[in-house]
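Taking it in order: structure first as structure tokens, then the write-up.
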Amino acid sequence: MSNTDIEASEVARRIAEDDAEDLFVLDVRNEDDYEEWQIPGSTNVPIYDELLQYDYSGLEDNLDDLPEDEEIAVVCVAGVTSARAADFLREHGFDAKSIPDGMNAWGRVHREYDVDSADGITQIVRPGTGCVSYLAHDGDKAVVVDPTQYIDQYLNVADDNDLDIIGVADTHAHADHVSGARRLAGELDVPYYLHSEDAGELDDVTEIKDGDTIAVGDRALDVLHTPGHTPGSVSFRFDDALLSGDTLFLRSVGRPDLEDGSEEAVREASSRLFDSLTTLTDLSDETFVLPGHFSDEQVRPLATALGDLQAETTNELLSYVEDGDEETFVETIVESLAEEPANYNEIKQINWGKEQPSGDVETLELGPNNCAAN
């Protein structure tokens, strides 16, 4: 790496480890792009179009607003314009570096965490997209749950921890990111587990249903069918840990409109989701909820005891479930659905096996996490 560059992974590490006190992240993209998706804590100076034309007047006008005693990490879309901006800033005495490949690189960053509250769980967080995946392990055996398309991340974690991956599972057919589960399972020649209602046209699936178990060493992942977000959504219990996929998040629940967006279908799926959440809230208060996504939560690893989650007021939809108020639950979801994840229809077709990936698959899933119901 050039000494005029700073990797996206290093920026993510410093943010995650509270080591960013002397780091100023400058985003030079246009305001609309920045508002849609950005690095947490970054500052936007929207001069992207100017820099494409080698016009530095906008950046020069903002020099007084930039810190002289901090390292400046400049980011754009793909790293070309940010490199020009960083060069200009260094010429004016700033300690400026460019993030190579820009926000594209930010979307590829993965960070690994051991979950102390849940023995045998390694959590892998993708901060740029809000995706969370897991290795559930016992002894030297592991099952990967909800891997991204960057399968080397999981192979490396397994190698670093002397784990033998004996299975790969998806909690559901994802709409926000391309799953790496089939490719990882195929490369290792191990089963790929998925509920039949989410299998689409896939023929290389080991189908799972409610009540099934997936062996992990001397322990097991217990399968709970928790439909609503998708018809085949499942959650996995691993002793006191609950890998809740996109059924239950820490601040919301999974949106039920990505299969069929008609109001009738959304209402029906919302009712199924209400029933699934009722099942989950009946679990022990000491159960640790490990979600498949996050929004702006800063705590790492992402894990909250179910009892604490129920006692907090940050998950409005879950409170309706606890009160048995299905009508308000459904109405709130119908009225508050946000914009769908980027390219979600194409991503679903790929994950169902109905389309083969083509072109730049990496860019399909870049953007904000929009899998929550509100």
Top to bottom by accessible area (1.4 Å), largest first, where do His110, His293 land?
His110, His293
Taking protein heavy atoms only, a 1.4 Å probe, and rounding to whole percent, the accessible area of the chain owed to carbon and sulfur comes out at 39 percent
Need one number: nm distance between label points at Leu63 and Tyr113, each 7 Å from Cα along Cα→Cβ, rounded to one decimal.
4.1 nm
What does the helix-only formula give at 222 nm for the chain: each DSSP H stretch with n ≥ 4 adding -39500 (n - 2.57), the total divided by the residues, and the result rounded to the nearest 500 deg cm²/dmol?
-8000 deg cm²/dmol
Run the quick spin-label model on Asp160 and Glu35: label points 7 Å from Cα toward the beta carbon, then report their separation in nm to one decimal.
3.8 nm
Of all chymotrypsin sites (Phe, Trp or Tyr not before Pro) in region 43-144, which ones are in loop regions per DSSP and have a Cβ with at most 11 other Cβ atoms within 10 Å?
Tyr54
Starting at the first residue of region 260-276, write each ³J(HN,Hα) from the Karplus equation 6.51 cos²θ - 1.76 cosθ + 1.60 with θ = phi - 60°, in whole Hz, x for Gly and Pro.
8, x, 5, 4, 4, 5, 5, 5, 5, 5, 5, 5, 5, 5, 4, 5, 5
Roughly how many debye, to the nearest 20, is the charge dipole of region 75-225 about its Cα centre, given +1 on each Lys and Arg Cβ, -1 on each Asp and Glu Cβ, and no other charges?
880 debye
Cleavage-rule hits (trypsin sites (Lys or Arg not before Pro)) in region 172-225: DSSP loop, at most 15 neighbouring Cβ within 10 angstrom:
Lys209
Please build a GNM for the chain, connecting alpha carbons under 10 Å apart, and tell me which residue among Gly232, Gly292, Gly93 fluctuates the most.
Gly93
Relative contact order as a percentage, region 1-158, C-alpha pairs under 8 Å and 6+ apart, gives 18 percent
Test item: Cα-centred dipole of the chain, Lys/Arg +1 and Asp/Glu -1 on Cβ, debye:
900 debye
Taking the solvent-accessible surface of protein heavy atoms with a 1.4 Å probe, what is the per residue accessible area of region 207-332 in Å²?
40 Å²
Length-normalised contact order of region 121-180 in % [C-alpha pairs under 8 Å, at least 6 apart]
31 percent
Just to confirm the filter: which GluC sites (Glu not before Pro) across region 162-219 are DSSP coil and have at most 16 other Cβ within 10 angstrom of their Cβ?
Glu201
If I take all pairs of Cα atoms in the chain, what percentage of them are more than 35 Å from each other?
28 percent
Under the Karplus relation 6.51 cos²θ - 1.76 cosθ + 1.60, θ = phi - 60°, what is the ordered set of whole-Hz ³J(HN,Hα) values for region 127-134, x standing for Gly and Pro?
x, x, 10, x, 7, 10, 10, 9
With the dipole of the chain worked out from charges on the C-beta (+1 for Lys and Arg, -1 for Asp and Glu) around the Cα centre, which of Ala105, Tyr48, Gly167 lies farthest toward the positive end?
Gly167
Of Gln53, Gln153, Gln38, which has the largest mean-square fluctuation in a 10 Å C-alpha GNM of the chain?
Gln53
Find the relative contact order for region 82-137 and round it to a whole percent, using C-alpha pairs within less than 8 Å whose residues are 6+ positions apart.
23 percent
Which value, in Å³ per residue, describes the convex hull spanned by the Cα atoms of region 236-285?
75 Å³
Could you give the length gained by full extension between Asp296 and Asp49, i.e. 0.36 nm per residue of separation minus their alpha carbon distance, to one decimal place?
86.1 nm
Quick one: dipole size for region 254-318, taken about the Cα centre, charges +1 on Lys/Arg Cβ and -1 on Asp/Glu Cβ, in debye to the nearest 20.
180 debye
May I ask which residue of Ala16, Leu194, Gly254 lies farthest towards the positive end of the charge dipole of the chain, with charges of +1 (Lys, Arg) and -1 (Asp, Glu) on Cβ and the Cα centre as origin?
Leu194
Taking amide H atoms as placed 1.01 Å from N in the peptide plane, list the residues 5 or more away in sequence, or in a different chain, whose amide H sits under 5 Å from that of Phe249.
Gly254
Amide H contacts under 5 Å for Val109, placed H, 5+ residues apart
Gly128
What is the local net charge at Glu112, summed over the other residues whose Cβ is closer than 14 Å to its Cβ (Lys, Arg +1; Asp, Glu -1)?
-2
Just to check, using Stokes-Einstein with a Kirkwood Rh over alpha carbon pairs, what's the diffusion coefficient of region 182-233 at 37 °C and 0.692 mPa s in µm²/s?
275 µm²/s
Can you compute the radius of gyration and Dmax for region 25-148, using only the Cα atoms, both in Å?
18.6, 60
For Val74, what residues show an amide H to amide H distance below 5 Å, using hydrogens built from the backbone and excluding near sequence neighbours?
Leu26, Lys97, Ser98, Ile99
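The values are calculated or read from the model by the stated rules, or taken from the named source; none is laboratory data. Being a predicted model, the structure only gives us computed values, none of them experimental. Cβ: placed from backbone, ideal geometry, glycine included. Neighbour counts: every protein chain shown. Each accessible area value is taken on the protein alone, full model and side chains, heavy atoms only, with ligands, DNA and RNA left out. Shrake-Rupley method; radii C 1.70, N 1.55, O 1.52, S 1.80 Å.
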